[in-house]
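In what follows, a structure is listed as structure tokens, so that the remarks can point back to it.
The values are calculated or read from the model by the stated rules, or taken from the named source; none is laboratory data. None of these values were measured; they are calculated from a predicted model. Note: ideal-geometry Cβ built from the backbone for every residue, glycine included; neighbour counts use all protein chains shown. What goes into the accessible areas is simple: the full protein's heavy atoms, side chains included, and nothing from ligands, DNA or RNA. Shrake-Rupley method; radii C 1.70, N 1.55, O 1.52, S 1.80 Å.
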Amino acid sequence: MIELPLEAVLFVFLLIVGIVVGRLRNLFGAAMLTGIFSFLSAGLFTLMTAVDVAFTEAAVGAGISTVLFLATLALTDDTEKPSERSWLAIGVVTLTAIALFFGLFDMPGYGDPDAPIHGGVGKHYLEHSWAEIGLPNVVTSVLASYRGYDTFGELAVVFTAGIGVTLLLRSKSAQMGDDKAPIPFRSRAPYVREMPIVRAVAKVMLPFILLFALYVQAHGDFGPGGGFQAGVVFAAGFVLYGLVWGPRALQRVARERFLETGMAVGLLMYGGVGVAALFMGGTFLDYSAFTPEHPQHGQHWGIFLVELGVGLTVSAVMLVIYFVFTARPRSRAERNRQAGSIHPPRLTLPEVPELRASDDEGAP
Amino acid sequence: MTLATHWHYFVVIALMMTGLHLVIARNNYVKKLMGLSIFQVSVIMLYVSMGKVHGGTAPVYVMGENGEPDLGVVYSSPVPHVLMLTAIVVGVATMALGLAIVVRIKETYGTIEDDEVIEKDRQEEEALADR
């Protein structure tokens, strides 16, 4: 049993990192630590045999969310001002902890095979999904077929979040930060794209990252992976390109309009497969209707298309989010402050000119 | 309930409370969101740990010699894995939305500290009332 000590060590590290993230005033440091936090939790998920979850957490935590935190910090402040100690907050947290602790008495033990979660629908999936779907990875079968409605909803949430971020941060003058007048090399620190080692390593890694993303997308039926993971890994590859060569170079490779279309096309593809099943005589997202004589083939096709839609939407949304964060001009905050008012100008109703008697004459 | 079978729940609760405390006690909005993501990971950890079986393997079929999955193998429950996998991706998308709001607050108020934002709102209202 190597798992137990490994789990204990990782859990202790996770707790330490979590507490340090809380205590650190330097938000840049805290943002980097959240990446480590995600990495450690991905390790723990692997030990708990949740390989798909671990995969997603590693890609999201290391590839996307840390970058998003850093992009936010670049637009806001990088140090946190001290908050005064609130005994009320500590009291609330302590009470919640005590309540949760008493809830533990009813929980099944860790790894208990008789726990209620192992009966019911989970048991059905494990025993019958080979006959009903015919894919080795049960997680993919459940994700894309048995619980297809659920995943469709989740994808819609991802899409909506992408739209929301675009509406909030998209600036009309989408000027990238890196086309300022060039500063002589000797009088400043080098940009990342001027460091030969970083460039070389990134250039070597990039094709493999993208190839790997495609592999994850296509191989999700047979092993850990699928649209969500592939989408995030694919986006992370492009984000790496943007980090090294600057967002303007990335914009030339991945056009924003193209990405925004991709966001919608992925979601529509998912929904379209569902509607197609309706037209073929099945219920919504019932892929067996595609090939009634051999339901498993229909399932394979349906899952493949649906996962492709997921991958497309997820990668497009992640990249659009990255784009609008990096394209936001930093100077906007300063300009607003200099304008004096804290609030944007209030809307005042335009004054309506009073109707004169002469206007009424023309009316019937 | 013994420590041997339930110890990981204690760690999960400790993590959850770390996150919760950051969300409710800190003034800095970015820190609040970091607390939220710690909270999220702890909740995911709670669900995933429930799906684990002693001696079980990941829910990807181990193929027997006849090309059919070997049903003698013990697998973890796939249900929490599916639910948490999508929750992670949705979580990062919604967190990006939160961060976008933080950026807008910074641009409007010039600060990302909760107490300063409230103070500026109060001053603005007083100035309006005096007018």
Margin query: Looking only at the stretch B:72-120, how many residues end up being more than 7 Å from chain A (Cβ to nearest Cβ) and assigned to a loop (DSSP other than H, G, I, E, B)?
Written below: 4
Next item on the list: May I ask you to verify whether residue A:24 is of a type in the set (A, V, I, L, M) and crowded, with 24+ Cβ neighbours inside 10 Å?
Entry: no
Next item on the list: Working carefully through the options A:113, A:108, find the one that is within 28 Å of residue B:7 (Cβ to Cβ), in a loop (DSSP other than H, G, I, E, B) and open to solvent by 50 Å² or more (accessible area, probe 1.4 Å).
Entry: A:113
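Considering every residue within the stretch A:226-234, establish whether at least one is without any contact (Cβ under 8 Å) to a residue 40 or more places away in the chain and under 19 Å from residue A:253 (Cα atoms). Reasoning before the result, please.
Filtering the stretch A:226-234 down to residues without any contact (Cβ under 8 Å) to a residue 40 or more places away in the chain leaves none.
Checked the stretch A:226-234: no residue is without any contact (Cβ under 8 Å) to a residue 40 or more places away in the chain and under 19 Å from residue A:253 (Cα atoms).
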Notebook entry, point to check: How about the stretch B:46-59: which of its residues are buried (at least 22 other Cβ atoms within 10 Å of the Cβ) and either at pLDDT 95 or above or part of a strand (DSSP E or B) (or both)?
Noted result: none
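One line per residue, one yes/no per condition, for (1) within 17 Å of residue B:19 (Cβ to Cβ); (2) crowded, with 20+ Cβ neighbours inside 10 Å; (3) among the aliphatic types (A, V, I, L, M):
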| position | (1), (2), (3) |
| --- | --- |
| A:29 | no, no, no |
| A:43 | no, no, no |
| A:54 | no, yes, yes |
| A:61 | yes, yes, no |
| A:70 | no, no, yes |
| A:75 | no, yes, yes |
Margin query: Cβ-Cβ distance below 6 Å, separation of 6 or more or different chains: which pairs start in the stretch A:103-118 with a residue that is within 10 Å of residue B:52 (Cβ to Cβ) and within 7 Å of chain B (Cβ to nearest Cβ) and end on one that is β-branched (Val, Ile, Thr) and open to solvent by 40 Å² or more (accessible area, probe 1.4 Å)?
Written below: A:110/B:5
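Quick one: would you say residue B:34 is surrounded by fewer than 23 Cβ atoms within 10 Å (Cβ to Cβ), part of a helix (DSSP H, G or I) and facing another protein chain (nearest Cβ under 7 Å)?
So residue B:34 fails the test.
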Checklist line | Condition broken by residue A:125, with the remaining ones in (1) within 9 Å of chain B (Cβ to nearest Cβ); (2) open to solvent by 10 Å² or more (accessible area, probe 1.4 Å); (3) modelled with pLDDT under 90 satisfied | finding: (3)
Note to self: Take the conditions hydroxyl-bearing (Ser, Thr, Tyr), over 30 Å from residue A:79 (Cβ atoms) and within 13 Å of the chain's Cα centre (by Cα) and apply them to residue B:75. Does it pass?
What the structure shows: no
Check: If we scan the stretch B:10-24, do we find a residue that is over 22 Å from residue A:7 (Cα atoms), open to solvent by less than 40 Å² (accessible area, probe 1.4 Å) and in contact with a strand residue (DSSP E or B) (Cβ under 6 Å, 6 or more places away or on another chain)?
Finding: no
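Filter the stretch A:1-16 down to the residues that are aliphatic (A, V, I, L, M) and at the interface with another protein chain (Cβ under 9 Å from one of its Cβ atoms), then identify the one that is most open to solvent (accessible area, probe 1.4 Å).
If we filter the stretch A:1-16 for residues that are aliphatic (A, V, I, L, M), which is where we start, we get A:1-2, A:4, A:6, A:8-10, A:12, A:14-16.
Narrowing further to those that are at the interface with another protein chain (Cβ under 9 Å from one of its Cβ atoms): A:8, A:12, A:14-15.
Working: A:8: 38, A:12: 83, A:14: 0, A:15: 46 Å².
Here the answer is A:12.
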Next item on the list: Please state which one of A:178, A:221 is within 30 Å of residue A:143 (Cα to Cα) and modelled with pLDDT under 90.
Entry: A:221
Margin query: Tally up the residues in the stretch A:128-158 that are in contact with a Gly (Cβ under 8 Å, 6 or more places away or on another chain) and open to solvent by 40 Å² or more (accessible area, probe 1.4 Å), please.
Written below: 1
